[in-house]
Each structure stands twice: as C-alpha cells, then as structure tokens.
Amino acid sequence: MSDPLISVKNLHTQFHTDDGTVRAVDGIDVDVSRGETVCIVGESGSGKTVTSESITKILQMPPGDIPIGEVQFRDVESVRELADQFPKRVFDVHEDDAPGTAGTDVPPEEDRPGDEKHFVIVEERSGDRISRGYIDMVRAPDNALRKIRGGDIAHIFQNPQSALNPVYTVGWQIVEAVQLHSDDDDEAARERAIDLLDRVGIPDAAARFDDYPHEFSGGMKQRVIIAMALASNPDVLIADEPTTALDVTIQAQILDLLAEIQEDLGMAILFITHDLGVVAEIADRVVVMYAGKVMESGEVFDLFESPAHPYTRALLECLPGRGGDMVSIGGSLPSVTNPPDGCRFAPRCPHAVDDCFTGDQPPMYSVEGADQEVSCVFYGDGYDESVVQTEFAAAQNRTARTDGGRTTGRRAGTDTDESVRSDGGDR
Amino acid sequence: MSARTLLEVKGLKKHYPITQGVLKKEVGRVRAVDGVDFSVSPGETLGIVGESGCGKSTVATSLLRLEEPTAGDVLFEGEDITTYDKAELKRFRRRAQMIFQDPTASFDPRMSIGESVGEPLLIHGISDRNRRREIVKDLLERVGLSADDIDRYPHEFSGGQKQRVALARALVVNPELIVADEPVSALDVSIQADILSLMNDIQAEFDLAMLFISHNLGVIREVCDRVAVMYLGEIVEIAPTEELFSNPQHPYTRALLGSIPQPDPRQRGESITLSGDVPSPSNPPAGCRFHTRCPDVIPPEGYEFEQRHWRSVQDLRQRMRKGPLDLETVRTAHSDAAGDGHVQTAEDGQSVLDDEGLKAGIREEFDIPQRLSDDEAEDVLDRALTAEVSDDHESGRDLLDEEFQTPCEQTAPELRETSAGWEAACLLHDEQRQRVEQPADD
Ligand code: SF4
Ligand code: SF4
C-alpha cells in the first residue's frame, strides 16, 4: 500500500487561556490518501475544526500551540522543491539512522527523525533524486507553509464571505489565484478563470467575471471559493463545514459539485462536518471525534452499518426526524482544561465500567471483520464487544443512573450538568 | 388536541416596499409573505418549513404584529387581532409567546435568570417577590433545570440550557400559543434532541398550540402534527407530518425531502438536485412560482420531451429571456463539445469556434443533449440556437417563447385538496384547470 498523502500523528493542539490550557485536540491520528474523501465528524468542542486548522497551521499561534505531534505531507514534488529551497533543514533518514534527537517536550515514544529545525524529511533517494519523504508541517516555517497553503493544500470554509475580498471583482481574485501558481499571462489566466467559474457551475461565467462578491448568492459565493481553491490544482482540499450555512437544496448542489471535481481531478478531500447525513453522502472514510479524541474511525459503509463506539451510536440515534424515538445522550461535554481520566465519554456512557475511568483514552482497537478502529475498552482483551453493540437508548434504560442526575432513559436530564459548555475548541 | 381552532390566519401578506430617491417613491415590493392561510388548534403543533427567503419567519413576526402585516386577518379565538389597539395587543401578546433561535440575545446579561424569567410576572401585576420566586423555581424544574439555578446569570448556562430558560420565561405567563422560530438550529444535534423532547412534553402538559418554524425537516418531523411547506411567500403544500414525509404531493416538497442527506451511505446519490437559486421575492416568477426550478414542470402540448431534457431546455429559454447568451464562456469552457473540426484558425492565429461548435457548446453548458429525441422539438431548438449564434438573439428567444411555453407559467395553481387527502398547489394535481386553461396548440 502506498503512503497516505497526509498523516496526522499524535497531534496535540492547545490554546493557552486565562482559565488554563484548553486541550482542543489531544492526541489524534488521521490519514488521508490521494483521491479519497475523509470526513471528520463531531459536535462543537470535539476538536474537528482545530484539527483541520492545525494541518497547515492556519490557526492563531499564540494562543494556539502544537507542543506534540506531527503532520506529514507526503507529496514528493513538494519535498523536492522545499529540499532545494531549505537545504539546511533537510534530514536524511538513511544517512543518519540514529534515533531522533528528540526535543525536551517530545515524548520518547514519538521517534521523530531529526530535530526541531528539520522539517523536510527524506526517507529514500534513487540516485540524486528524492523518491520518498515528507514535509513535517508542524515544524515547517511560515514561508514554507505559505507555499503549501493555497497551493498543494487548499482550504474552503463555512462562510465564503470571509474568504472573498469585497472590493475586488470575482474574476480579478481568481486570476490572482491562478497567477500565483502559474506563469500564465493575463489573457491565459483570464481564460483559465472563466473555465474554472464555469466548471464550478457559475452561469454566464465570462459575463460575471467583473461582478463583485456581493452580487453573488451564498451558494454562488461558495462556488467561487471552490473555483479559487481549484486554481492551484491542489492535491488536498480541506473543507470546513462548507455547506452548513446553505439551504438544503443548495447544499445538495455543492456536495454534488465536490464529488464531481474530486472524480475529475483526483484530489483528496478532508471534510469537516457535524452532519452525519453529509458524511454518509460523500465520505470514503470517517473519523468520529469527541472532546479532542478520536472515538472511532473506519470505512464509511462499515461504520454506518455497524457503529462500534457507543458515542457513534448515540450520535446516530439522536438525529431528529428518523421516525422512531429520539435519544438523549444526557450529561455534558467534559472539561476541556481538565479532562477526566480514562475514556472521555465515560461520564455519559451507559456501558461504562471501572476500567473506563482510569488511565488514558483506550487505544484504537481494530474491529473484527470490518475496516474500522475503535477506542473503547470493550474491544480489548477480556471483554465482550457485543455488550456495546446494542442500541444506545436501550442501554441507557437498562442502566438507569444512580448518580443523582435525572438522566434516566430518553427523558433525560440533558445538558444541565454543572460544567458550562466551553467553546474553546471549535470556533 | 381539540377540534376548536385557536389561531386562524387568512390571506396574510407582508410586503416590504422598495423605494428610490429622496421622495421614497415606491418602485417595487418584496413579497415576503404573499397570501397564506392556516389554522392551529390547542394542543397542536403546526410546522412551517422552507428555505431562506421563503417568508416563514415573516409569517411569525407579522401574525404576532411584531411588524404590521400588509393584508390579511389573524383570528385568535375568533377575534381579529389585526384591529387591536395597543392595550389589547399587549394582552394578546401575553397569550402568544415567541421563542427565537438565539437565546443569548433575548436575555439581559446583568439580570439573574430568576429576574429575567420573573419579569413578565411583575409586569402583569404579581408584586410579591417570594411568590414570583416560587413560580419561577417551579418552572425551572419543569423545563429540566434546577430550582437552584434561579440566582445564576445567563453566561453560566450553555446554549441548550439557555433555550430551556427561554421556554420557562415564555411559559411563566401561561400562554395559549407558542411561536418558535428555529429554536434548536443553533444547538448541537445531541442537545437538539433534548430540547425537542422537552417542547413536546411541555406542549402536552400545558395543552399549548404551537407554531414551529424551521428549515430542518428532520426537526419538524419530531415535533409537528402538521406541516406547511413554503416557497417564495406562499404555502405550496400542507399535510399531516407523517403523510407528508411518506407521500409528498408537491414537487417542491419532494425536492426538499430529497435534498436532505440521509445517514445511510447505501442511499447516497439518490438526492434530487434542483437547478439554480431561489428567485427574488421582489419579482416572483409568473404562474407557479416554482416553475423556474421545478423538475416536473409541465411540457407543452405536442412535443415528446424526456422530462429531464425538457427541464434543461426550459433553463435555456429562461436564460435567453434575460438577454443574449454569454458566448465567451461557451468559447472558453465548452469549445470541445462538438469534437474537433469545429475549431478554425483565424487570420491572427487565434483559434475560433464555428457556429456548429458554438451551438454544441451551448447545449453542453445547459446540459441539453446534442440531439433531442423529439424531431420537432429538436428542429425548433436548432433553429433558435442558429439564430442566437448568428447575432439574432431576438428571433431565437421569440421562437423558444412561442413554442416552448409551459402551462406552469401561465396559470398560478391554488392550494387545493389532492387525491391524497390534503392540499397542494400544483397543476399536476389540478387536471381540470390544466385542460381548460392550457392554450390550444396550433
Ligand atoms: S464502554 Fe467505556 S471505553 Fe467504551 S465508550 Fe463507554 S466509557 Fe468509553
Ligand atoms: S405547477 Fe408546474 S411548475 Fe408548479 S409545481 Fe406543479 S408541475 Fe411544477
């Protein structure tokens, strides 16, 4: 199997605030391969948006900080280019096979090659040419990141307004994006821009070239943003809730469009959403996040067919409008500054046993017979996983709580626990 | 639920004038709500669903006279509240409470929850502070909070909790009607479920009538007994909830239901995709307002279109009515639709597309096949396109206008009972009208 294009490894993203350190993303792994759509799904505070913003470090730093973790971007072209540009910051794994001289704040199990200044990691050369390696985005300096952002890795966001400059015409902005990544002269760049606008479904693209952003509807603006993102022929598109602000009929159009261009261009898409319906519509692989941790990940059909983690089940069962009774998860998100020991979901999980409240988040166990991994003790040795593979609501009723809360079954007491939901995670 | 009607809305309209110049001369109107009728009984929840700009929120604000309706009657227990004076209106507002999407905006951050929730009691003459506190404590518990929360401040509560407080404040004056405008849209799904169950419980407990406005059909399904679907200021279908979901009668309802992504990957790709954006309510399309996007738009007599292609031809026709086509786009982005051989090299070395190439490009841009299955329709289309690319836009446009009219743009369908047993406004259900009013094809 070939290497993933993006590998997020043991990522920790934190925000230093007056109330303490918010551990928005607290040690997660995510892989995205070429041509594949990976959806990160979660509620507010899950860390899904922060994860997406950590990849190219578009988050504010400070207060943001990535003390631990690696984001590998394995595009050989970029590795070669940056290796030429930053020769002093290249680390050749083969020349120096000694274990990484890890910095003080890097845990020992995280055997990262080179030291803090190395961000171009070369793993193999054939002759003089680099044939395998990656950019470590976490260590990469700003001038290297700028080349990658909006080039090999493009972003689109929930609010297209914020990504468009209101004082320039739409055409001018796309031409600028085109020329940033090519040597096209004005005439050729204009043609390419019209082609892109037409490609993303803007009617009368040439005639609208000189219109300003405010002359476009919300859905059309998102199309313009997609056109701008495509201007650089990116390998990866990171889309953070790009359809959440749109009406459903327009959302359906944009999802169709993304699927189409992905097929045409073979891009990888990392799609951040709170909506399991959208996930089912477009994902190849799914990552379910909760309180800064990955609860479960897997192939989309397997995951929807048999959700392995109790939280995934709860999320599916609480969707309004399925017919049947609605489930209430009860309780509230754990504290982001001082998360509890053990499984982050334990205080709200009807299956929780003693082991769930101690140690770290359970490791990712693979699920037998499925392309899925899950962080739940019931998939470990000495446990019977079928216990948690039941309806969340039924389990809640069986283990009617004795913790003084009014969380019994679906008439649950809700989000009323003592801690106020902190929005330190997602913005 | 009782058979008695609590609220009856008849012909409600809310237009906003568009003015120009210093004299504020009216040059047009935004028809946000353009004649809607419905009623709600005690203990019943009526949902209003639609996309942004359909007028659903304006229905709420104008029926409560938070803004004055342009026309129509709003009967509350048989009395027309549109004729109420200030004092009467104040009394009515106590009986009809509103809940908004953003609970944060509706609380004064400097007032404790107890003061905020108890304030309406003070206004309505309960001056005994302890009595007020007792009532508020009781209500806080009924909405799933704790009586001890009474002295806390809004910022100490999460979004879901604030919406509970908002409910408590609405309930404190013993209303008969609650109008809730997107009350759970700002909340996470797992919290939505809690608030929706609470609203269901409270409604049953207090025998309230509820008008529940949302863009989210899933949410509507959880709480509503009946649903009215709005498009561009009008109700296009109104039906009992489960029936609407299982057997939608209006093409727009079908599209709306079909656009919701289902949490089941085996159903992917089955969504119905509507073309285009919602037209402006200041200039709604003639006839059926949905005809510019309707996948089922009725084809003209005498031609055998494949429905999908008929929709595309309509899109082209509507575009041509706005003015000459944007041929630069066709040349730039659709130059290879007709294959090679249609690109010629001009004297200055530039390559240009010949007329056949342009026509093929236009078809590609509008998703029209290179040949329509009906020969006569194909002939009309080809002639129109030939005119268009030969700088004779008017003849092309007029030809399409003459030949490819749809009954849907000539007749505005009315909300009428369908064979399914409830009302929808679509000519496909109104066969008689169609036969009578469709122009004879000659
Ligand atoms: S059973 Fe334990 S480990 Fe598994 S989800 Fe529940 S609390 Fe977490
Ligand atoms: S009247 Fe015509 S355009 Fe309107 S909904 Fe019915 S078929 Fe569609």
Q | Amide proton proximity set for residue A:156, modelled H, under 5 Å, gap of 5+ | A | A:238, A:239, A:240
Q: Whole Å is fine, so just give me how far the alpha carbon centre of region B:1-56 lies from that of region B:158-228.
A: 21 Å
Q.
Which three extents, in angstrom, do the Cα atoms of chain B have along their principal axes, listed largest first?
A. 92, 57, 50
Q | Most fluctuating residue given options A:326, A:220, A:364, as computed from a GNM of chain A linking Cα atoms under 10 Å | A | A:326
Q. How big is the Cα convex hull of region A:1-93 in projection, averaged over all directions, in nm²?
A. 7.7 nm²
Q. In debye to the nearest 20, how big a dipole does the protein assembly as shown give about its Cα centre with +1 on each Lys and Arg Cβ and -1 on each Asp and Glu Cβ?
A. 4000 debye
**Q.** Over chain A: helical MRE at 222 nm, DSSP H runs n ≥ 4 each giving -39500 (n - 2.57), nearest 500
**A.** -7500 deg cm²/dmol
Q) Most fluctuating residue of B:421, B:50, B:35 in a GNM of chain B with Cα springs under 10 Å: which is it? A) B:421
Q. Where in region B:294-341 are there trypsin sites (Lys or Arg not before Pro) that are in a DSSP coil and have at most 11 other Cβ atoms within 10 angstrom of their Cβ?
A. B:322
**Q.** Shielding by partners - mean other protein chain Cβ count within 10 Å, residues of B:212-219
**A.** 2
Q. Between residue B:392 and residue A:353, what FRET efficiency comes out of the Förster formula 1/(1 + (r/R0)^6) with R0 = 60 Å and r the beta carbon distance, rounded to 0.05?
A. 0.15
(Q) Suppose R0 equals 56 Å. What FRET efficiency, 1/(1 + (r/R0)^6) with r the Cβ-Cβ distance, do residue B:419 and residue B:355 give to the nearest 0.05? (A) 0.70
(Q) Give me Rg/Rg_expected for region B:278-406, where Rg uses Cα atoms only and Rg_expected = 2.2 N^0.38 Å with N residues. (A) 1.11
**Q.** chain B: relative contact order as a whole-number percent, Cα under 8 Å and 6+ apart
**A.** 15 percent
Q) Roughly how crowded by other chains is peptide B:322-335, in terms of the mean Cβ count from those chains within 10 Å of each of its Cβ atoms? A) 5
Q | Per-residue average of Cβ from other chains inside 10 Å of B:183-191 | A | 6
(Q) Amide H of residue A:131 versus every other amide H placed in the peptide plane: which residues, excluding those fewer than 5 positions away on the same chain, fall under 5 Å? (A) A:124, A:125, A:126
Q: Might you report the magnitude of the Cβ-based charge dipole of chain B about its Cα centre, with Lys and Arg at +1 and Asp and Glu at -1, to the nearest 20 debye?
A: 2860 debye
**Q.** All-pairs Cα distance distribution in region A:299-360, expressed in whole percent, bin size 10 Å
**A.** 20, 42, 31, 7
Q. How big is Rg to Rh over chain A, alpha-carbon atoms, Rh as the Kirkwood inverse-mean-distance radius?
A. 0.99
Q: Could you tell me which of the pairs A:9/A:221; B:13/B:162; B:56/B:86 are separated by over 27 angstrom between their Cα atoms in the structure shown?
A: A:9/A:221; B:13/B:162
Q. Computed on alpha carbon atoms, what radius of gyration and Dmax characterise the protein assembly as shown, expressed in Å?
A. 29.9, 94
Q: Considering only B:374, B:37, B:80, give the residue with the highest GNM mean-square fluctuation for chain B, with springs between Cα atoms whenever their separation is below 10 Å.
A: B:374
Q: Quick one: compute the contact order of chain A, relative version, from alpha carbon pairs under 8 angstrom and 6+ residues apart, as a percent.
A: 19 percent
Q) Taking the radius of gyration and the Kirkwood hydrodynamic radius from Cα positions alone, what is the Rg/Rh ratio for region B:209-293, to two decimal places? A) 0.97
Q) Given H placed on each backbone N at 1.01 Å, which residues far from residue A:39 in sequence or on other chains put an amide H within less than 5 Å of it? A) A:271, A:284, A:285, A:286, A:287
Q.
Rounded to the nearest 20 debye, what is the charge dipole size of region B:123-174 about its Cα centre when +1 sits on each Lys and Arg Cβ and -1 on each Asp and Glu Cβ?
A. 160 debye
Q: With a cut-off of 17 Å, note down the residues of region A:291-314 whose backbone N falls inside the zone around a label point 7 Å from the Cα of residue A:398 toward its beta carbon.
A: A:307-314
Q. So how far apart, in nm, are the two label points at residue B:65 and residue B:173 if each is 7 Å from Cα heading toward Cβ?
A. 1.3 nm
Q. Distance in nm between label sites at residue A:188 and residue B:27, each 7 Å beyond Cα in the beta-carbon direction?
A. 4.4 nm
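Read the figures in this text as sums done on the coordinates, not as results from a lab. This structure is a prediction, so every number in the text was calculated from the model and none was measured. So basically every Cβ, Gly included, is an ideal-geometry build from the backbone, and we count neighbours across all protein chains shown.
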